[in-house]
Amino acid sequence: MDKNSEEKLKLEKDQLKVSLDMTKEFFDLWTKSYQSTFGKLAQVPAFGPIREKQEKIMKSMPIYTDLYTAWIESNINFQSVFTEATKRTYEKTIEQWPKLSDIKDGKGCVDPEKFKDLYNTWLEAYSDTFKEFMKSEHFASDMGKLTSVFMDFQKYNKEIIEENYLKPNNLPTKTEIDEINKELYDIKKIVKELTKKIQILSKKEEIRESTEKSEELGKSELSEKTTSEEETLNE
Amino acid sequence: MNNLIPESHINIIDNDFNKFAKGMEILLKSPDFSVGTTPSEVVYTEDKMKLIHYMPITDEQYSIPVLVIYALVNRYYILDLQPDKSVIKKLLNDGFDVYAIDWGYPSGPDRYLTIDDYINGYIDNAINDIRERHKIDKVTLMGVCQGGTFSIIYSALHPENVRNLVTLVSPVDFNTDKCALNIWAKNIDIDKIVDYYGIIPGDFLNVAFLLLDPFRLLLDKYIGMFDKIDCKDDDICIRNNEENMRNFLRMEKWIFDSPAQAGEAYRQFIKDCYQKNLLIKNEMEIGGKKINLKNINVPLLNVMAEFDHLVPNEESKPLLDAVSSIDKEEIIFPTGHIGIFVGSKSQKNVCPYIAEWLKPRSSRV
């Protein structure tokens, strides 16, 4: 890579970094401002006949902002990885074919096989960069946070739908179905345990009966034998 | 146009278009890509679990049957994906009586199933059924991936029922940073996920697997599928193309035919294994009993794949030192996590190795 290309690449990278940093800075500022103003309002206890419902609805604000924050942070991270992957592809391409003429044949046409090489270079750069990122603690912690706030958001949505739509319309809720499922699971478990115990007892009973039978058989055989022996002796 | 683009270049472009067209031609015929075609029958069922018995194909069988235990996230037909590359068929050909557990698709009350229910319930009942059926005391366990971990746990709790233990690409020591899954698992709030979903959707796990290498798994794989097409028009090429496409579709089916996960079992597996790594420390508890791996004293074969991206070798290797078996062995094949079951190397090397290891250990004592 010549000096000009290197400098251009560095400049582009710096510009992107500044742009991403600014986005993050702006969002951090927005979050802080929200938390110190509207965020506090959302936490004020409600009163009046609909206080219970109102308080639940007001609780949604921090849940939405948490989700939005985590989503924006993930987006920023992904954008920076895309940028890094594109930069690596560019560097590798320049390294492989420093001049445009390198991808052309003698007649000035671009060799189609070079497109395949370019695809492979792109794939390798993107795949390696993303794999590196995915294996980082940074991504893992971000993903953990995003999943966690997404679950809070889903749980909240479920509760709101159940409270405000399903219950007033006399429709079964997921919570009720889960309760039935739990009871069903417990009953099944008890039935299985009892069935096992009955099977063991039946087997024991079978063994006992067969032992008794064989003992009785043994006794009667013995008494028959004794009688016949006595008879033989008498004879 | 020919004056602008040389003929050699047109041929290359033409060839690529042809490959795509021929691939589409095969797909438009809706090829049959049945999986798990080895004849079998269901001999025992319990809830969603089915115990499958493969029909023996030899006149005589070894007296110790083999029970294959799969991961909860996998369908049972991975070892019988293609008729010509079937680990099950290979074992049957070698004279083994083979059983496998199909976990089915959990739903409803299954969300409360625990690992204890799987180990001391389903697996134990399936083993007892086989023991009664064959009038024997012990069976050979062959565990695949998480199914291997379950086989290890079962063998530690009930060594009296196990004759041999074969583990394939099975994790036992989860303390590694070589696989992204282990790093992610440490950072997720599993309680929130299980409490919300109850039954963890199969797609939730699929996304995680795809994120391991998204560009190759979501793009390059499909380009490669068409790139493999041979454009010659002779019968052999046509047949090969069709067979390659069928095999590709079989693998696609298996990958995306992902059962959901029973929430409580999933919670315990993530917490005890991935987050606290209790199994290898002999501190994991199932049904109120601590699992001591030293209780495993049966012949053990630990099979690993060198390029395993899901269960790196360092997750499986500690098993040999953790057990008290005298007859124990480990082997690493130069293949990947899936290749070990379905690759051509699997048929040539892995299956024969396992079968030869099992043969002298499978007759009645």
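Coordinate-derived values only; no laboratory data. Small disclaimer: the values here were computed from a predicted structure and weren't measured. Ideal geometry is used to build each Cβ from the backbone, glycine not excepted, and the neighbour counts take in all protein chains shown.
Some values worked out for this structure:
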quantity: Candidate lysines for bridging to residue B:359, where Cα separation is under 19 Å - those fewer than 8 sequence places away on the same chain excluded; calculated: B:89, B:90, B:138, B:328, B:348
quantity: Peptide-level mean, for B:102-115, of C-beta atoms on other protein chains within 10 Å; calculated: 3
quantity: Choice from B:13, B:286, B:331 showing the highest fluctuation, given a GNM over chain B with Cα pairs closer than 10 Å; calculated: B:13
quantity: Rg/Rh ratio calculated on Cα atoms of the range B:103-143 (Kirkwood radius); calculated: 1.07
quantity: Anchor residue A:24: lysines whose Cα lies under 24 Å away (excluding residues fewer than 8 positions away in-chain); calculated: A:10, A:13, A:32, A:40, A:87, A:131, A:135, A:145
quantity: Distribution of pairwise C-alpha distances over the range A:53-119, 10 Å bins, in %; calculated: 17, 25, 16, 14, 12, 9, 5, 1
quantity: Rg over Rh [alpha-carbon atoms, Kirkwood Rh] for the range B:1-125; calculated: 1.27
quantity: DSSP-defined beta bridges in the protein assembly as shown - what % are antiparallel, rounded to 5; calculated: 40
quantity: Rounded tilt (10° steps) of A:137-161 against the dominant C-alpha axis of chain A; calculated: 70
quantity: Lys/Arg +1, Asp/Glu -1 at C-beta; chain B dipole; positive extreme among B:64, B:98, B:270; calculated: B:64
quantity: Net dipole in debye of chain A [+1 Lys, Arg Cβ; -1 Asp, Glu Cβ; about Cα centre; nearest 20]; calculated: 1760
quantity: Cα pair distances exceeding 20 angstrom across the range B:258-347, given as percent; calculated: 50
quantity: Mean ellipticity per residue at 222 nm, deg cm²/dmol - from DSSP H runs of n ≥ 4 across chain B, formula -39500 (n - 2.57); calculated: -10500 deg cm²/dmol
quantity: Residue-by-residue Karplus 3J(HN,Hα) for the range B:199-207, coefficients 6.51, -1.76, 1.60, Hz, glycine and proline x; calculated: 9, 6, x, x, 5, 4, 6, 4, 4
quantity: Interatomic Cα distance distribution for the protein assembly as shown, bins of 10 angstrom, percent; calculated: 3, 12, 19, 20, 18, 13, 8, 3, 1, 1, 1, 0, 0, 0
quantity: Over the range B:214-365, equivalent-ellipsoid semi-axes from the Cα gyration tensor in Å; calculated: 37, 23, 13
quantity: Where only C-alpha atoms are counted, convex hull volume of the range B:209-286 per residue in Å³; calculated: 134
quantity: Among beta bridges that DSSP assigns inside the range B:226-365, antiparallel share in %, nearest 5; calculated: 25
quantity: 0 to 90° range, to nearest 10: angle between helix A:51-96 axis and chain A longest Cα axis; calculated: 60
quantity: Chain B, dipole about Cα centre (Lys/Arg Cβ +1, Asp/Glu Cβ -1), debye to the nearest 20; calculated: 580
quantity: Surface/4 of the Cα convex hull for chain B, nm²; calculated: 21.2
quantity: Cα-based Lys pair tally, the range B:148-270, threshold under 25 Å, eight or more apart or on separate chains; calculated: 5
quantity: Surface/4 of the Cα convex hull for chain A, nm²; calculated: 35.5
quantity: Reachable aspartates and glutamates from residue A:192, criterion Cα separation under 18 angstrom, eight or more residues apart if same chain; calculated: A:183, B:46, B:47, B:110, B:116, B:117, B:124, B:129
quantity: Protection proxy ranking, peptides B:332-338, B:256-262, average beta carbon neighbours within 10 Å, highest first; calculated: B:256-262, B:332-338
quantity: Descending semi-axes in Å of the range A:105-151, equivalent ellipsoid built from Cα gyration tensor; calculated: 41, 10, 5
quantity: Antiparallel content of DSSP bridges confined to the range B:58-193, in %, to 5; calculated: 5
quantity: Cα pair count fraction exceeding 22 Å, expressed as % - the range A:75-158; calculated: 48
quantity: Zero-based 5 Å bins, Cα pair distances in the range B:303-352, whole percents; calculated: 5, 22, 27, 20, 16, 9, 1
quantity: With Cα atoms, 0 to 90° folded angle of helix B:146-157 axis to chain B main axis; calculated: 10
quantity: Prolate/oblate/rounded call for the range B:133-234, Cα gyration tensor, a/c under 1.5 rounded; calculated: oblate
quantity: Over the range A:112-220: Rg over Rh, Cα atoms, Kirkwood Rh; calculated: 1.46
quantity: Length-normalised contact order for the range A:19-163 - Cα pairs under 8 Å, 6+ apart - percent; calculated: 30
quantity: For residues of A:137-148, the mean tally of beta carbons on other chains within 10 Å; calculated: 5
quantity: Convex hull volume per residue for the range B:85-192, taking Cα atoms only, in Å³; calculated: 149
quantity: Per residue Cα convex hull volume in Å³ - calculated over the range B:1-57; calculated: 156
quantity: Other-chain or far-sequence residues with amide H under 5 Å of residue B:162's (modelled H); calculated: B:139
quantity: Under the Karplus curve 6.51 cos²θ - 1.76 cosθ + 1.60, θ = phi - 60°, whole-Hz ³J(HN,Hα) for the range B:39-55, x wherever Gly or Pro sits; calculated: x, 8, 9, 8, 9, 7, 10, 8, 6, 8, 6, 10, 9, 9, 10, 7, 5
